[in-house]
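The values are calculated or read from the model by the stated rules, or taken from the named source; none is laboratory data. Keep in mind it's a predicted model, so treat the numbers as computed, not measured. Note that we place each Cβ from the backbone using ideal geometry, even for glycine, and neighbour counts take in every protein chain shown.
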Amino acid sequence: MIQDVAAMKSAHLKPKVAFLGPVGTYTHEAALQRFGSDAEYTEAPTIAAVFKTVALGTPFGLVPQENSTFGSVVETYDFLASPDVGQSIFVRGEIVLAVQHCLLAPKGTKLADVKRVFSHEQALGQCGRFLSAHLPQADLVKTSSTAAAAQALVSPDATPGDAAICSSICTSIFGLEKLCQGIQDVKTNFTRFFVVSGSLELPLPNPQSTRHSQALLRIQASSQNENDLPDIGKFLQVLSLPATRIDRRPDLSKAPFRSAYMVEIHRRSGHIDGAISWSSELQNAIRRVEAENGEATLLGLW
Ligand SMILES: O=C(O)C(=O)C[C@]1(C(=O)O)C=C[C@@H](O)C=C1
């Protein structure tokens, strides 16, 4: 209890925030926008490591959730499908960032010299048309983040002809040269990030709103009914709340081909000031799913 109070106070004064590193990723930029330059930042090498760092006690974390061109970030949803989320990690907010990708390479490299392009699979996907039009022969190498791709170009393993797709800021961080900019397929390209925390109660610094109107639930078939294919339509019907998106990942805790559905819910606007609280509304909805032999877990509230 004393520890909880201390954690709350320190989260407020100088928040500790884990992000997908190294410095220079879009996630770092989103974290700086949300928590400011005074926060104490921890670089995590992968998205899974951000979640784990938060589960182990770092109060906040930032993970990419979806890109407006390439879609859901699979590594994030794989973690949201796992039992840790909803127990020791919760989604507490979101932030949207405009993403303009650049092609960077060591000084002196020309576009015609490029043989390998390093980047996060999201960035490679968002620049698919540029890559097939300008570098159709290049090998595409997936990295854990865009800044990790830029870092690879200055590592001892780098070879001439290596380039990276990443943010413009990596030019100065890693001493690289910009070969092209704005290379993503769609000019207006945005990524949405989730703010995650180890508890639903820990106060967020500079909260965007004190009234929660969004939530994330994970819906699965209950363990007793593993052999029946669950009727997700039925679960959504009894949920009886506006579901604005559904993502599906394999449910690794059950039989093969079973699903975990991550369902984003918005509170009906007329209810925001209503007598029943948003979390009570959600608890009632969770009970209705359970009455239909489903399992529903609250993964976040913001
Ligand atoms: O690699 C980064 O820079 C990230 O922050 C990850 C990430 C993602 O996973 O979507 C974030 C924004 C861009 O869409 C590309 C990559």
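Does residue 157 satisfy the condition of being free of Cβ contacts under 8 Å to residues at least 12 places away in the same chain, more than 15 Å from the ligand (Cβ to nearest atom), among the acidic types (Asp, Glu) and at negative phi? Yes; evaluated as a whole, the condition is true for this residue. Going by what's in this entry, would residue 55 be described as in contact (Cβ under 8 Å) with a residue 40 or more places away in the chain, away from the ligand (no atom under 13 Å from the Cβ) and surrounded by fewer than 19 Cβ atoms within 10 Å (Cβ to Cβ)? Criteria met by residue 55. Does residue 163 satisfy being surrounded by 13 or more Cβ atoms within 10 Å (Cβ to Cβ), at pLDDT 95 or above, within 11 Å of the ligand (Cβ to nearest atom) and not in a loop (DSSP other than H, G, I, E, B)? It is false that residue 163 is surrounded by 13 or more Cβ atoms within 10 Å (Cβ to Cβ), at pLDDT 95 or above, within 11 Å of the ligand (Cβ to nearest atom) and not in a loop (DSSP other than H, G, I, E, B).
Condition check for residue 190 on (1) among the hydrophobic types (A, V, I, L, M, F, W, C); (2) surrounded by 22 or more Cβ atoms within 10 Å (Cβ to Cβ); (3) under 24 Å from residue 31 (Cβ atoms): one failure, at (2). Within the span defined as the range 65-85, every residue fails to be under 20 Å from residue 204 (Cβ atoms), of a type in the set (Gly, Ala, Ser) and not assigned by TED's automatic domain parsing to the domain that holds residue 164.
Within the range 72-99, restricting attention to residues that are within 10 Å of the ligand (Cβ to nearest atom) and either at pLDDT below 95 or not aliphatic (A, V, I, L, M) (or both), the residue that is nearest to the chain's Cα centre (by Cα) is 76.
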